[in-house]
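Chemist: Below is the structure I would like to discuss, written out as structure tokens.
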Amino acid sequence: MRIEIDRLTRRFGRTTALDALTLRIPSGQRAALIGPNGSGKSTLTRILTGMLSYEGKVGIDGLDPARDRERIAARLAYVPQAPPQLQASVGEIVGAIAGARHLDPGAIAGTAAAFGLDLAAVSGRPVRALSGGMKQKLLLSLAFASEAGLMLLDEPTASLDAASRLVFYRLVRERAAGATLLLCSHRLDEVRHLVQHVIVLEEGRLAWQGPIVDYLRGSAHSLIEVQTSAAPAAAWLRARGFAPGGAGDWSRVLTRAEGLAVLREMFTELEGSLGSVLVRDLETIDGTYVPKEDS
């Protein structure tokens with residue numbers, strides 16, 4: 001399902017959550033929606049589901065989310081960042097969604113079992129009584145069983161353990177192969193392995209978009225940690241922006257290219273006065289540096 005957005009604006013009182021946003025997501029594309037808190041990510045996904053009114057134009061395969069909500073809902077799977085606190089039982093929710101979408105309850109239970117969730121064992125429990133991880137597994141099981149043409153996943157693995165995240169990655173590859181996927185995530189492993197395209201929002205505006213390889217290349221940094229007790233070396237490091245730590249430790253984060261240039265200069269000028277040098281690869285998402293994870 002293709003998404004076409006023209007000058008989309010949404011205000012909450014005096015706060016503008018989305019500001020004349022224009023965007024295109026082709027059918028079948030897997031895109032990551034990235035940005036700091038308050039950038040408009042969740043607002044955008046809620047508009048696409050038809051839950052919020054808006055100014056501007058939004059089309060999903062030519063349908064308007066506000067006017068054609070029921071027609072879109074039949075082809076849409078949505079996993080919100082905060083699972084709803086439903087009093088209805090797990091069995092009632094599964095039965096209602098299976099009936100409305102003509103799904104096999106056994107297929108839903110099978111998907112849940114892959115996540116380690118026994119639906120039969122929790123069938124009589126209110127959804128609100130489940131743990132955060134169990135709620136997330138339930139919602140993901142319903143989403144993957146739906147065979148939706150558009151999947152909107154807002155921080156879908158936030159409450160999952162490592163094993164369940166691996167199941168999630170596999171199911172995206174297997175069950176959502178032809179679907180359009182819009183993934184809101186702060187996890188670099190999800191962004192790297194699951195999407196082809198990255199969309200960055202800042203203050204409700206489109207700040208950047210492009211292929212995932214370009215995004216990761218631009219987000220790659222190095223943390224250089226140096227230990228020295230020599231006063232001239234310390235002065236050299238301070239002059240080049242290194243921050244002092246304890247016991248002669250110095251550190252600085254630079255882009256990969258900047259880091260290589262500094263290291264060459266450092267080894268040329270400070271040879272013999274360095275105790276140790278450690279270089280760690282980092283990547284940044286939403287402005288937060290994290291150690292690079294294995295591909």
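The values are calculated or read from the model by the stated rules, or taken from the named source; none is laboratory data. Just so we're clear, the structure is a prediction, and the values are computed from it rather than from any experiment. Cβ sites come from the backbone with ideal geometry, for glycine too, and all protein chains shown count toward neighbours. The protein model used for the area step is the full one, side chains on, heavy atoms only, and it has no ligands, DNA or RNA in it. Shrake-Rupley method; radii C 1.70, N 1.55, O 1.52, S 1.80 Å.
Chemist: If you wrap region 1-121's Cα atoms in a convex hull and average its projection over all directions, what's the area in nm²?
Modeler: Details: hull surface 37.1 nm².
Reported value for the Cα convex hull: 9.3 nm².
Chemist: Compute the Kirkwood hydrodynamic radius of region 45-188, taking the inverse of the mean of 1/r over all pairs of distinct Cα atoms, and give it in Å to one decimal.
Modeler: On the way: mean 1/r = 0.0639 Å⁻¹.
Averaging 1/r across every pair of different Cα atoms and inverting gives 15.7 Å.
Chemist: Between Arg217 and Ala96, with labels modelled 7 Å along Cα→Cβ, what's the label distance in nm to one decimal, could you check?
Modeler: Placing both labels 7 Å along Cα→Cβ, they lie 4.9 nm apart.
Chemist: Starting from the Cα-Cα distance between Arg280 and Ser27, subtract it from 0.36 nm times their residue separation and give me the gain in nm to one decimal.
Modeler: Details: separation 253, 0.36 × 253 = 91.08 nm, distance 3.80 nm.
87.3 nm is the gain from fully extending Arg280 to Ser27.
Chemist: Would you mind checking region 63-99 for residues with the amide N under 18 Å from a putative spin-label position 7 Å along Cα→C-beta of Arg125?
Modeler: Answer for region 63-99: 83-95.
Chemist: Show me, for region 87-98, the HN-Hα J-couplings you get by feeding each phi into the Karplus relation (A = 6.51, B = -1.76, C = 1.60, θ = phi - 60°), rounded to Hz, glycine and proline as x.
Modeler: Residue by residue, region 87-98 yields 7, 4, 6, 4, x, 5, 5, 4, x, 5, 6, 4 Hz.
Chemist: How many Å² of accessible area per residue for the chain, probe 1.4 Å? Spell out each step's value before the answer.
Modeler: Details: 14080 Å² over 295 residues.
Each residue of the chain exposes 48 Å² on average to a 1.4 Å probe.
Chemist: Right, here's the next one. Under 5 Å between amide H atoms, partner at least 5 residues away or on a different chain: which partners does Arg2 have, H built in plane at 1.01 Å?
Modeler: Correct list: Ser27, Asp61.
Chemist: In addition: Report the charge-dipole magnitude of the chain in Debye, nearest 20, computed about the Cα centre from +1 at each Lys and Arg Cβ and -1 at each Asp and Glu Cβ.
Modeler: Working: 34 positive and 32 negative charges, 140 e Å.
Taking the Cα centre of the chain as origin, the dipole is about 680 debye.
Chemist: Using alpha-carbon pairs under 8 Å, 6+ residues apart, how would you state the relative contact order of the chain in percent? Write out the running numbers ahead of the final one.
Modeler: Working: 533 pairs, mean separation 59.5, N = 295.
With pairs under 8 Å counted, the relative contact order is 20 percent.
Chemist: So how strong a dipole does region 1-58 carry about its Cα centre when Lys and Arg Cβ are +1 and Asp and Glu Cβ are -1, to the nearest 20 debye? Could the numbers behind the result be given before it?
Modeler: Values: 10 positive and 4 negative charges, 16 e Å.
Computed about the Cα centre, the dipole is about 80 debye.
Chemist: How large is the direction-averaged shadow of the alpha-carbon convex hull of the chain, in nm²?
Modeler: Over every viewing direction, the Cα hull of the chain projects on average to 18.6 nm².
Chemist: Right, another one. Using modelled backbone amide H atoms (1.01 Å from N, in-plane), which distant-in-sequence or interchain residues come within less than 5 Å of Cys184's amide H?
Modeler: Residues meeting the criterion, in which the H sits 1.01 Å from N, are Leu33, Leu153, Asp154, Glu155.
Chemist: At a 10 angstrom cut-off on C-beta neighbours, averaged per residue, how do the peptides 165-178, 145-158 rank from highest to lowest? Provide the component values of the computation, followed by the final result.
Modeler: Working: 165-178: 15.4, 145-158: 21.6.
Peptide ranking by packing, descending: 145-158, 165-178.
Chemist: Among 201-210, 232-241, 135-144, how do they line up from the highest to the lowest mean number of other beta-carbon atoms within 10 Å?
Modeler: In decreasing order of mean packing, 201-210, 232-241, 135-144 become 135-144, 201-210, 232-241.
Chemist: If Met134, Met51 are ordered by their accessible area, calculated over protein heavy atoms with a 1.4 Å probe, which sequence runs from highest to lowest?
Modeler: Details: Met134 45, Met51 85 Å².
The ordering from most to least exposed comes out as Met51, Met134.
Chemist: Hey, another quick one. Nearest-5 percent of antiparallel DSSP beta bridges in the chain?
Modeler: Numbers: 41 of 58 bridges.
That works out to approximately 70 percent antiparallel.
Chemist: Here is a further query. Hey, any idea what % of the chain's accessible area is carbon plus sulfur with a 1.4 Å probe? Kindly include the intermediate steps, with their values, before the conclusion.
Modeler: Values: 7080 of 14080 Å².
Taking all protein chains in place, the chain shows 50 percent carbon and sulfur surface.
Chemist: May I ask you to compute the full-extension gain from Arg69 to Gln85, defined as 0.36 nm times their residue separation minus their alpha-carbon distance, rounded to one decimal in nm? Walk me through the numbers before you get to the answer.
Modeler: Values: separation 16, 0.36 × 16 = 5.76 nm, distance 2.24 nm.
Full extension from Arg69 to Gln85 adds 3.5 nm.
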